[in-house]
Structure formats: structure tokens, C-alpha cells
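> Let me give you the structure first, and then I'll get to my questions.
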Amino acid sequence: MKEWKKNREMMKSHFDSRTFADEESDQNMGVEPPAVEIKTPEDAQVIPLPEPGITPVKSDISRCILERRSRRKYTDEAISTGELSYMLWATQGIKKAIPAYGNTGTVTIRTVPSAGARHPFETYLAINNVTGIEQGIYRYSSLNHNLVFLFNVTEVQNKLTEAAVGQSFVGNAPVVFFWACKPYLGEWRYKGESHKAMLLDAGHVCQNLYLAAESLNLGTVAIAAYSQEKVDNLLKLDGKDEFVVYLAPVGRVEIG
Ligand SMILES: Cc1cc2nc3c(=O)[nH]c(=O)nc-3n(C[C@H](O)[C@H](O)[C@H](O)COP(=O)(O)O)c2cc1C
């Protein structure tokens, strides 16, 4: 059997076969739950976002589903902070944060589903052309609905294109969304069963970006073809406890 065919096992469900039943989960062992998201340092530069209450240009969900396409050609026009705020809310926005059963941390109920409401992602942005926000790498705080400035990258457009294995529409986009998975958020409860579920979770997040962008007359495309090392290095992620699983550039598209 080819080595990579072994990956197929990860695509299957192991919940009934109890493949991992010989070992208790950290949750069952009483280990403290991991934090819902990375804590924003006291001295961080925080950029507030407008309320995500923008009125979509296309408010009809059926029309958004019908007209959704993967769009790779963007104009030079900037995206507004209202549009960005809406897309962040649509992809990872928190509707409710409640104490977990047995007082084991916080559970967040968001605009997207997630197995066991574990929501194992951080959202990072490479901002290139958003009105009123400096270029740079940012992290979205879902709990506070704001952006945390992280750092600047020189020649970021070239580096983004290179990290996306030559897909230049990624480097040239006004903004690129990155979803980084923190596997322990799922593993804490579901051990080895969590990995498949976390990848399924990512699909819902990106689909909401597609539909939110479509409703604003913006365009996006899901990207799974990228260099793991280059993308993680660009965002300064350790590649072990946190690494990118999916990304998507967003831009304004020609209408008509
Ligand atoms: C998981 C996934 C990964 C994808 N990766 C890429 C990619 O790396 N580059 C790209 O140009 N399109 C990528 N796409 C977009 C597909 O090519 C696109 O969805 C497909 O051609 C169907 O077109 P449509 O989305 O316009 O219906 C990806 C889509 C998905 C769902």
C-alpha cells in the first residue's frame, strides 16, 4: 500500500469502533480545558471593528447560494472595515458564550457549527488594502470582536504568493483569511476522533465566508494548495500546536 493511502483512516469515523477507547480523554481525566482563544496581551495594539450589522447587497440567501463562485480576480479597490467586520462575524463570530457543563471553561456558540462546539481555530488576517487599517498581520479576537495587530512583513505580497505555491491572486488580494487549527481544543475532549471533525469544521467556516462575501458583492476562493512551512512561518505559528489548515483571499470583483 502506498504510504499516503494510510491517511484514509483519518477520513473515517472511529466513534463506534472505539479505536481510542483504551485511553481516557483529558477532559475525563479532569484536565483544565484549553482557552477558547489566545489571550490578547495587555500592551497589544487593538483595532476596534464596527458592529457586524452591515446590510448585505444581496440579502436573499438562495441568490447567494446560487451565485456563489470561486473568484480569483479582484479589482484594486479597498475593502471597508464594515465589510471585513461582517465577514469575520460570519466566519467565527460569537453569538453566545456560556459556562461549560460542570463548570469546565467556556463554550461559545458561533455563526458556524463545530463538533462539540470546540471551535478549534484562530483567524489570522494579512491585511493589504482595507480602508482605515494599516497593512500587516492581525489576529481576530472573536470574544471581543476586534483585531489584534501582530507584526508587519516586508514584501508581504511576494511572500504570500510564494506561500500559496505561486497563486498570485492570494498575494494581490486586499485581505487574506487564514484559519489556524489548535488541535488540542478538539483532542482535549475527543482524542484521536477529533482530527477528522476539526477539518470538517473548517469547511463550514470557509463556506460562510463564500456566502458572506457573495452577499457583499465581494469574491473569495478556498485555498488548500499552500506550503505548510511557508504559511506557518509567515504567521509565526509553531506548526505543532497551531498550524494553518485553510486560507482564503478576499477582494472586490467586477460586477456583471
Ligand atoms: C478544500 C478546497 C480546496 C481548494 N483549493 C484551491 C486552491 O488551492 N486554489 C484554487 O484556485 N482553488 C481552490 N479551491 C476552489 C475549487 O477549485 C473550486 O471550488 C472548484 O473549482 C469549483 O468551483 P466553484 O467554487 O466556483 O463552484 C478549493 C476548494 C476547496 C473546497
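So that you can scan it fast, the table gives a plain yes or no per residue for (1) touching a Ser or Thr at 6+ places or on another chain (Cβ under 6 Å); (2) among the small types (Gly, Ala, Ser); (3) surrounded by 21 or more Cβ atoms within 10 Å (Cβ to Cβ); (4) modelled with pLDDT under 95:
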position: 155; (1), (2), (3), (4): no, no, no, no
position: 167; (1), (2), (3), (4): no, no, no, no
position: 175; (1), (2), (3), (4): no, no, yes, no
position: 180; (1), (2), (3), (4): no, yes, yes, no
position: 221; (1), (2), (3), (4): yes, no, yes, no
position: 240; (1), (2), (3), (4): no, no, no, no
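> Further question on the same structure: Quick test for you: out of 115, 78, 90, 100, pick the one residue that is modelled with pLDDT of 95 or more and closer than 19 Å to residue 34 by Cα.
Just a single option satisfies the conditions, and that option is 115.
> Could you list, in sequence order, all residues of the range 59-78 that are in a helix (DSSP H, G or I), away from the ligand (no atom under 15 Å from the Cβ) and free of Cβ contacts under 8 Å to residues at least 12 places away in the same chain?
The answer is 62, 63.
> Hey, residue 189 hits all of (1) farther than 15 Å from residue 121 by Cα; (2) modelled with pLDDT of 95 or more but one; which does it fall short on?
(2)
> Looking at this structure, is residue 148 in contact (Cβ under 8 Å) with a residue 40 or more places away in the chain, in contact with a strand residue (DSSP E or B) (Cβ under 8 Å, 6 or more places away or on another chain), in a loop (DSSP other than H, G, I, E, B) and surrounded by fewer than 22 Cβ atoms within 10 Å (Cβ to Cβ)?
For residue 148, the condition - in contact (Cβ under 8 Å) with a residue 40 or more places away in the chain, in contact with a strand residue (DSSP E or B) (Cβ under 8 Å, 6 or more places away or on another chain), in a loop (DSSP other than H, G, I, E, B) and surrounded by fewer than 22 Cβ atoms within 10 Å (Cβ to Cβ) - is not met.
> Name the helices (runs of 4 or more DSSP H) wholly within the range 169-256 that hold at least 1 residues that are among the β-branched types (Val, Ile, Thr)?
It comes to 194-215, 228-235.
> To continue, here is another question. Going through the range 118-130 one residue at a time, which ones are closer than 22 Å to residue 241 by Cβ and either assigned to a strand (DSSP E or B) or at pLDDT below 95 (or both)?
Within the range 118-130, 121, 122, 123, 124, 125, 126 qualify.
> A further question on this structure: Among (1) away from the ligand (no atom under 12 Å from the Cβ); (2) in contact with a helix residue (DSSP H, G or I) (Cβ under 6 Å, 6 or more places away or on another chain), where does residue 227 come up short?
(1)
Let's see how each residue does on (1) within 24 Å of residue 152 (Cα to Cα); (2) among the hydrophobic types (A, V, I, L, M, F, W, C); (3) more than 13 Å from the ligand (Cβ to nearest atom); (4) in contact (Cβ under 8 Å) with a residue 40 or more places away in the chain:
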| residue | (1), (2), (3), (4) |
| --- | --- |
| 198 | no, yes, yes, yes |
| 202 | no, yes, no, yes |
| 210 | no, no, no, yes |
| 234 | yes, yes, yes, yes |
| 239 | yes, no, yes, no |
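> Shifting gears a bit: Is one or more of the residues making up the range 195-216 of a type in the set (D, E, K, R), buried (at least 19 other Cβ atoms within 10 Å of the Cβ), over 12 Å from the mean Cα position of the chain (by Cα) and more than 20 Å from residue 90 (Cα to Cα)?
yes
The values are calculated or read from the model by the stated rules, or taken from the named source; none is laboratory data. Quantities reported herein were computed from a predicted structural model and do not represent experimental measurements. Please note: Cβ atoms are built from the backbone with ideal geometry, for glycine as well, and neighbour counts cover all protein chains shown.
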